[in-house]
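The structure under discussion appears below in the form of structure tokens.
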Amino acid sequence: MHLRRKLGCLHAHHSNIEYIEQAFQNAEKVELIHFVDPGLIQQVSKGTEGLAFKIKEQLKWMESCNIDVILITCTNYIALLEEEQLELSIPIIKIDEPFFETVCEEKQPQTILFTNPETVEGTMNRLQQYALLHEKAINAEIKVIDNTFELIIQGKKDAYNNAIIQTLHDVAGEQQHISVAQLSMVEAARQFEKESAVTIVHPLKSLVKYVMRFIE
């Protein structure tokens, strides 16, 4: 019998838990431990000073809970994280890294959708850094679905998903290659794929395979 490895997941909102649980439901070697701090999202809107220190404290706390690997699911957390100042003895996986890998494989023009404008700059800076490091060229247009992210924060999940699906319908008429950059957008992307047969790239598509590199 193989020992299960503990994957500590750091979320900015509790709604992300179910996405990760679904993604790893068949990964028998993995035990998921969830940590949620929605307060950081509220603080980001006021400015980022001192927030990197708060994230480091959280990651140290998670490490002390006998976690084997850490997965950060919030793009705001990732953008704020100053990894070179971390002194953790366990691997840290950022949910956008396998997503970037897929986005950079696409050579045609593409559209990347966001609902949270606060995550755009940090995510795109990291995507450009990833592309440069791996000698990839990307041709991407960014679109923020305005006045939508607050719906998921308020627990209005159906309204949130409907807004994303409507935008996907609009964009799909103009663009063949579409991505959604946030974990909270995955359910809507999956529903749209079933309805339209249009492939939407999202952060969960290649995540499990990527994480298992560190687990096995």
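Could you check region 20-110 for strands (runs of 3 or more DSSP E) lying wholly inside it with 1 or more residues that are among the acidic types (Asp, Glu) and in contact with a strand residue (DSSP E or B) (Cβ under 6 Å, 6 or more places away or on another chain)?
Per the criteria, 30-36.
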Inside region 105-119, can you point out the residues that are in contact (Cβ under 8 Å) with a residue 60 or more places away in the chain and not hydroxyl-bearing (Ser, Thr, Tyr)? Glu106, Gln108, Pro109, Gln110, Ile112, Leu113, Phe114, Asn116, Glu118
Could you please find all residues in region 187-209 being surrounded by fewer than 18 Cβ atoms within 10 Å (Cβ to Cβ) and under 18 Å from Leu127 (Cα atoms)? Ser206
Count of residues meeting criterion [more than 18 Å from Ile17 (Cα to Cα) and part of a loop (DSSP other than H, G, I, E, B)] in region 188-216: 4
If a residue has to be surrounded by fewer than 20 Cβ atoms within 10 Å (Cβ to Cβ) and out of contact with any strand residue (DSSP E or B) (no Cβ under 7 Å at 6 or more places or on another chain) to count, how many in region 171-186 make the cut? 3
Residue that is within 19 Å of the chain's Cα centre (by Cα) and not assigned by TED's automatic domain parsing to the domain that holds Glu18, where the choices are Leu81, Leu151: Leu151
Candidate set: region 1-19, residues that are out of contact with any helix residue (DSSP H, G or I) (no Cβ under 8 Å at 6 or more places or on another chain) and either assigned to a strand (DSSP E or B) or aliphatic (A, V, I, L, M) (or both); chosen: the one surrounded by the most Cβ atoms within 10 Å (Cβ to Cβ): Lys6
Of residues in region 92-125 being charged (D, E, K, R) and farther than 28 Å from Glu150 by Cβ, the one surrounded by the most Cβ atoms within 10 Å (Cβ to Cβ): Glu106
Only one of Glu106, Glu141, Glu87 is within 21 Å of Ile165 (Cα to Cα) and over 18 Å from the mean Cα position of the chain (by Cα); which? Glu141
Flag if Met185 is part of a helix (DSSP H, G or I), in contact (Cβ under 8 Å) with a residue 24 or more places away in the chain and aliphatic (A, V, I, L, M): yes
Failed condition for Gly155, given (1) on the phi > 0 side of the Ramachandran plot; (2) in a helix (DSSP H, G or I), with all others met? (2)
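Would you point out the residue of region 126-152, among those that are in a strand (DSSP E or B) and among the charged types (D, E, K, R), that is nearest to Gln182 (Cα to Cα)?
Lys143
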Options Glu135, Glu118; residue that is in contact with a Ser or Thr (Cβ under 8 Å, 6 or more places away or on another chain) and assigned by TED's automatic domain parsing to the domain that holds Val186: Glu118
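The values are calculated or read from the model by the stated rules, or taken from the named source; none is laboratory data. Remember, it's a predicted structure, so these values are computed and weren't measured experimentally. Positions of Cβ are backbone-derived with ideal geometry, glycine not excepted, and every protein chain shown enters the neighbour counts.
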